[in-house]
Amino acid sequence: MLNRQRRSRKTSSRQIREEKELVLPGTDLTFLFQRDGCRTLRMAIRPDGSVRVKAPARLAMEQVFSFMHARLDWIRAKQDFFAAHRGAPADIREGGSILYLGRPFTIRLAPSDGRSRPRLKGSALELPLPRRQEGADAAVKRAFARWRLETAKLVLGRRLSRLERHARAVFGDRAAPFSLAVRSLKRRWGSCSARGDIMLAAQLIALPLPLIDYVLFHELCHLRYMNHSPAFHALLHRLMPDAKTREARIHVWALEHPR
């Protein structure tokens, strides 16, 4: 049993009172064990295959171990699923490959006159070749990030406007976004505030269009319901009858193409 104590720290609104790495008795399964102010025993499997268990302050370890042994097959299956779909981030360099609307494009570095801009040409994305070798890799990545952000603002803005009109026609209302912002986001594909401010991830433009549409329709439905209630999902289903299938596809896609 690994029993390395760590200093208490806060996560969300709860104080972690105990945190240590353990091995489930009788197995080789290592997991992060935490005690906080939660009322129920919880377990999560992360995309890297790691396991985290959170328990109420006074719950006996025997109950924790019993809980995990009863779900060991599920844990292994989840880890195998993540391992089978684990991918690597895009390789932003000469000859590397990126995705745009689900299609692969090869990165080509083209000589720059100081005014050159990234552009799609055939099956390639041409990026300006840095004049200096020093820091060239970072410069290429910055050029790609600028191209992705500018392209995402244009593509996603136009697509959202089109789907917004469709949603209003289907629901017979006037709901519309108050504003749209596109940013490089690490965790979310999009969000919608109570005021109607929609934020979308620039990384969305790597996805196939049907999956982009799922995210956009999802946020447009939040203009009507600021939750994930049955009423919300009923709206989403009216706009996109295969919404659950597309949501599952996005989950797998994100594992295979990490940001």
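The values are calculated or read from the model by the stated rules, or taken from the named source; none is laboratory data. It should be emphasised that the depicted structure is a prediction, and the values quoted were computed from it without experimental measurement. All Cβ positions, even for glycine, are placed from backbone atoms using ideal geometry, and neighbour counts span all protein chains on display.
Figures for the structure shown
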{"read-out": "Meets criteria (in a helix (DSSP H, G or I), assigned by TED's automatic domain parsing to the domain that holds Leu236 and of a type in the set (Lys, Arg)) for Arg158", "value": "yes"}
{"read-out": "Flag for Gln63 being within 28 Å of the chain's Cα centre (by Cα), over 30 Å from Arg142 (Cβ atoms) and either in a helix (DSSP H, G or I) or outside the structural domain of Leu207 (by TED's automatic domain parsing) (or both)", "value": "no"}
{"read-out": "Residue match in the stretch 79-97 (condition: loosely packed, with under 12 Cβ neighbours inside 10 Å, outside any helix (DSSP H, G or I) and among the polar types (S, T, N, Q))", "value": "no"}
{"read-out": "Given (1) in contact with an Asp or Glu (Cβ under 8 Å, 6 or more places away or on another chain); (2) part of a helix (DSSP H, G or I); (3) at pLDDT 95 or above, index of the condition Trp147 fails", "value": "(1)"}
{"read-out": "Single match in Arg142, Arg115 (criterion: free of Cβ contacts under 8 Å to residues at least 12 places away in the same chain and in a loop (DSSP other than H, G, I, E, B))", "value": "Arg115"}
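Table: residues versus (1) closer than 30 Å to Ala84 by Cβ; (2) in contact with an Asp or Glu (Cβ under 9 Å, 6 or more places away or on another chain); (3) touching a residue at least 24 places away in the same chain (Cβ under 8 Å).
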position	(1), (2), (3)
Phe178	no, yes, no
Ser193	no, no, no
Gly196	no, no, yes
Ile212	yes, no, yes
Asn227	no, no, no
Ala231	no, no, no
Arg238	no, no, yes
Pro241	yes, no, no
Ile250	yes, no, yes
